[in-house]
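Only one structure is covered here, and it is reproduced in the block below.
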Amino acid sequence: QITPRVFSGIQPSGNLTLGNYLGALRRFGKMQDDGIETIYCVVDMHAITVWQDPAALRNQTRELAAAYIACGLDPQKSILFNQSQVPAHAELAWILNCVVRIGWMSRMTQFKDKAGKNAEKMSLGLYVYPALMAADILTYKATHVPVGEDQKQHVELTRDVAAKFNHDYGVDFFPIPDPVIEGTGTRVMSLRDGNKKMSKSDPSDKSRINLIDDADTIAAKIRKAKTDPDALPSEAAGLADRPEARNLVNIYAGLADISVDDVLREFGGQQFGAFKPALADLAVNHMAPISSEIARLLAQPDEIDRILANGAERADAIAAPILAEAKQIVGF
Ligand code: ADP
Ligand code: NA
């Protein structure tokens, strides 16, 4: 019999974006009230797959913890902790490295996207990142993994790893976790290129909206967002070949928590000159309280460290026995 359990993580690799907010953070707080155990992680071991300045990484870890809380995560109801503080992640990752096939890793599109033509020069950690992510999820026997679209392939790999482990060792040990990818905000695109995702890991994209941007900055970025010259359509089908327009409408729907059709019922037939200011107002009103709450929390770093330490203890209490059993199964 399987206990439902939610796990997800975010890398402390820079400024959180509107994409992280709509695709992940905002949804995490909502899940903790459904009587399910929710475990959320600052995945600092994933962050170092690309170079991180050590002092900056430490600050970013606190910033991300503060952002989780500012976006609605309650550290009493959920477990909030830092990946590197719970040794089971690294230990299980090694076991899973020996279960995953190299060919499976080679099919991961995110590595190809991040590495581009420089694959040989990337860290080995970046290449095997999905095995660590599988360990993150499986060391809690998590059943539900809320993520954005871009992580779907990695959760599918986790399912394959769990099934292969169970099969190879003839056990029914790891539950097969389901990705939870719902709503309009699961794929927020760049404001300068509607075919590229908005990412905090892409420092060259100055158009991205950060969770801590002030009101003027958010408004300016939306004003400058790439669009086309046409008015908004009155139905979602009219957005099919208009990635930039579709993205802005999706963002509006995500922030307002309404459907794309509802947005188009209100704005269909209008020009971006009218829609963009409405979107900017919505975004500013939504995000200003979050960024001031992040600032308030960051003024008490000891309190954040205390929350993370408490979370690590509770996470370890779940993970360590599962790891111990996995080791036994393997023959250690
Ligand atoms: P990033 O890709 O911004 O570096 P992470 O890899 O740490 O962020 O992802 C953290 C979470 O945010 C994941 O669930 C991911 O799917 C989600 N996410 C990241 N970018 C976007 C986006 N543009 N739209 C929707 N969700 C996103
Ligand atoms: Na990502």
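Structure values in brief
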{"read-out": "For Val147: the one exception among (1) within 16 Å of ligand 2 (Cβ to nearest atom); (2) β-branched (Val, Ile, Thr); (3) outside the structural domain of Ala24 (by TED's automatic domain parsing)", "value": "(3)"}
{"read-out": "Residue identified as within 16 Å of ligand 2 (Cβ to nearest atom) and over 21 Å from the mean Cα position of the chain (by Cα) among Met122, Met133, Met108", "value": "Met122"}
{"read-out": "Condition check for Pro203: out of contact with any Phe, Trp or Tyr (no Cβ under 6 Å at 6 or more places or on another chain) and buried (at least 16 other Cβ atoms within 10 Å of the Cβ)", "value": "no"}
{"read-out": "Test: residue in region 228-245 that is outside the structural domain of Trp51 (by TED's automatic domain parsing), surrounded by fewer than 17 Cβ atoms within 10 Å (Cβ to Cβ), within 16 Å of ligand 2 (Cβ to nearest atom) and not acidic (Asp, Glu)", "value": "no"}
{"read-out": "Which numbered condition Leu22 fails, given (1) within 12 Å of ligand 1 (Cβ to nearest atom); (2) in contact with a strand residue (DSSP E or B) (Cβ under 7 Å, 6 or more places away or on another chain); (3) closer than 19 Å to Val180 by Cβ; (4) of a type in the set (A, V, I, L, M, F, W, C)", "value": "(2)"}
{"read-out": "Residue selected from region 142-157 under the condition touching a residue at least 60 places away in the same chain (Cβ under 8 Å) and farther than 21 Å from Asn250 by Cβ, by the criterion farthest from ligand 1 (Cβ to nearest atom)", "value": "Thr143"}
{"read-out": "The one condition in (1) more than 23 Å from Ala115 (Cβ to Cβ); (2) away from ligand 2 (no atom under 16 Å from the Cβ) that Ala90 fails to fulfil", "value": "(1)"}
{"read-out": "Subset of region 264-298 that is more than 20 Å from Leu248 (Cβ to Cβ) and polar (S, T, N, Q) - its residue that is surrounded by the most Cβ atoms within 10 Å (Cβ to Cβ)", "value": "Ser291"}
{"read-out": "Within region 161-206, tally of residues that are within 12 Å of ligand 1 (Cβ to nearest atom), modelled with pLDDT under 95 and of a type in the set (Gly, Ala, Ser)", "value": "5"}
{"read-out": "Helices (runs of 4 or more DSSP H) lying entirely in region 12-97 (those with 3 or more residues that are under 18 Å from the mean Cα position of the chain (by Cα), surrounded by 17 or more Cβ atoms within 10 Å (Cβ to Cβ) and touching a residue at least 12 places away in the same chain (Cβ under 8 Å))", "value": "26-31, 44-47, 54-70"}
{"read-out": "In region 196-212, the residues that are more than 14 Å from ligand 2 (Cβ to nearest atom) and in contact with a Lys or Arg (Cβ under 7 Å, 6 or more places away or on another chain)", "value": "Ser207, Ile209"}
{"read-out": "Selected residue [closer than 30 Å to Asp44 by Cα and out of contact with any helix residue (DSSP H, G or I) (no Cβ under 6 Å at 6 or more places or on another chain)] from Phe272, Phe332", "value": "Phe332"}
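The values are calculated or read from the model by the stated rules, or taken from the named source; none is laboratory data. What you see is a predicted model, and the numbers here were worked out from it, not measured in a lab. Counting neighbours? That spans all protein chains shown, and the Cβs are built from the backbone with ideal geometry, glycine included.
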